[in-house]
Amino acid sequence: MMELDTIAAISTPLGEGAIAIVRLSGDEALTIANKMYRGKDLTTVDSHTIHYGRIVEPDTEEMIEEVMVSVMREPKTFTREDVVEINCHGGLASVNRLLELALYHGARLAEPGEFTKRAFLNGRIDLSQAEAVMDLIRAKTDKAMHVAVRQLDGKLSKLITRLRQQLIETVAHVEVNIDYPEYDDVEEMTLNLLKERIALVSDEIIKLLAMAKQGKILREGISTAIIGRPNVGKSSLMNALVQENKAIVTDIPGTTRDIIEEYVNVRGVPLKLVDTAGIRETEDLVEKIGVERSRQVLNEADLILLVLNNNDVLTDEDRQLLEIVRDMEVIVLINKTDLEATLDHDEVKRLIDGKPVVTTSLIEEAGIDQLEQAIADTFFTGGIESSDLSYVSNARHIQLLNQAKQSLSEADMAIDSEMPLDLIQIDVTRAWELLGEIIGDTVQDSLIDQLFSQFCLGK
Ligand code: GDP
Ligand code: ZN
């Protein structure tokens, strides 16, 4: 068994709510709580009981708080360890004092998500659920939060389990055909049927991967580059978006001095805005680093906001930029519409080829709504935002899904080239294993167990 120390944390939002809870988990949870507490002997009370008492200062016995203490013994707890929750109604100061006392008596301050990590380590929840809790802690917007909550519900686990079930049935059929060719009960699995089943699972994985892009975006923010010639209004755009929308994080450590980053929430879409040209007008991205290098910078962005000046003619530089970004996720802003239109809007639309073009006057705060709508449309096309499929948001999951998809396509190719069944089976089994890694379940034995629970061949 794993040796884990006893951890403690305040498990209610700070400064809110009438009741605050200090939670302890681990072997020493009961003894530590007992040292802080005057009332019944907590180490001898029944599991899942609540007790009234007082928390006192260690030396003076001076009372800090009247509390209700819940005692939950392992294994029927969230962490599968002994858990004590001390409920108090006091303010911030007394909650903090309670936590300090728990640490004083031998607990360690829990890291963010550590209770959940224990729930996983002790087998209480699966990996995807544990990861969902981590995401929940880091979620930057409400939508990102909902994705994490859904995953926590175990929806991803359920879907993955269902896909694996379909694969295992396929494998089982193949197995039976190989081992018991004379067994009549078993449906003859034609290669076509096999192909069909593989395609069904494959399609679902592809759908999940498509959703994953949105999931990643929700969690990490859309990396958005603001580009354009000097003086077109890039900094003004950045300021407008930051002012209109609550900045999520303003001070990102590791931000270079040349590049300003801001996190804003545009209609539930978290944007990580990068004003590439930045503060100094002379150091415009394209001017300074050239077209090739800027192409590379742009390639790393999820979204490009290209700003043009309505009160100017289209320059070669503008044309070059339009050419570079036309195959990327881009929204073009024609800014300064309060000034005379000398820019040929139709030419811009022709050059950018179907990508959204929005007109703004940032100085008059006009067109910002349309821009925000265009951003939301770009990332939530086809109603993905409300789809309950958008719950893959984890890099590890995405990688495993990609690998599983690859294995299935290899199986499919093996069928096409009339490879022997057992070779096809290896690819399908591999996909099954990869999906299992998402939920932390790939014990080879269980493949065997499941194979036989599928088909009671009764020998
Ligand atoms: P950047 O060099 O692309 O970052 O451009 P800035 O945001 O620094 O703006 C350059 C100048 O254009 C500033 O004097 C702004 O006040 C001005 N400007 C920005 N947007 C507009 C607009 O919509 N209309 C007008 N008339 N001026 C604007
Ligand atoms: Zn600027």
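The values are calculated or read from the model by the stated rules, or taken from the named source; none is laboratory data. Computed from a predicted model, the values in this text were never measured in an experiment. Glycine also receives a Cβ, built like all others from the backbone with ideal geometry; neighbour counts cover every protein chain displayed. Side chains included, ligands, DNA and RNA excluded: accessible areas come from the protein's heavy atoms. Shrake-Rupley method; radii C 1.70, N 1.55, O 1.52, S 1.80 Å.
Some observations on this one:
- Once the 1.4 Å probe is applied to the protein heavy atoms, segment 7-124 comes out at 50 Å² accessible per residue.
- Calculated FRET efficiency for the pair D416/E169, C-beta based, R₀ 25 Å, to 0.05: 0.70
- Remark: spin-label model distance K349-D312 equals 2.3 nm, labels positioned 7 Å along the Cα→Cβ axis.
- Model label points for M63 and Q370, set 7 angstrom from Cα along the Cα-to-Cβ axis, are 6.8 nm apart.
- Positive-end extreme of charge dipole, segment 7-124 - chosen from G123, V71, H89 (charges on Cβ): G123
- Prolate/oblate/rounded label for segment 319-365 (Cα gyration tensor, a/c 1.5): prolate
- Calculated FRET efficiency, T342 to N299, Cβ-Cβ distance, R0 = 22 Å: about 0.10 to the nearest 0.05.
- Segment 7-124, accessible surface, carbon-and-sulfur percent (1.4 angstrom probe): 53 percent
- Accessible area (Å², 1.4 Å probe, nearest 10) - V84: 0 Å²
- Under 5 Å from the amide H of I222 lie the amide H atoms of L271, K272, each residue being 5 or more positions distant or on a separate chain, with H modelled from the backbone and absent for Pro and chain starts.
- Label-to-label distance, nm, for residues given as D41 and N96 (7 Å Cα→Cβ offset): 3.6 nm
- Taking packing as the residue-averaged number of other Cβ atoms within 10 angstrom, the listed peptides 341-353, 427-439 run from highest to lowest as 427-439, 341-353.
- Nearest-0.05 FRET efficiency for I426 and A210, computed from C-beta distance (R0 41 Å): 0.90
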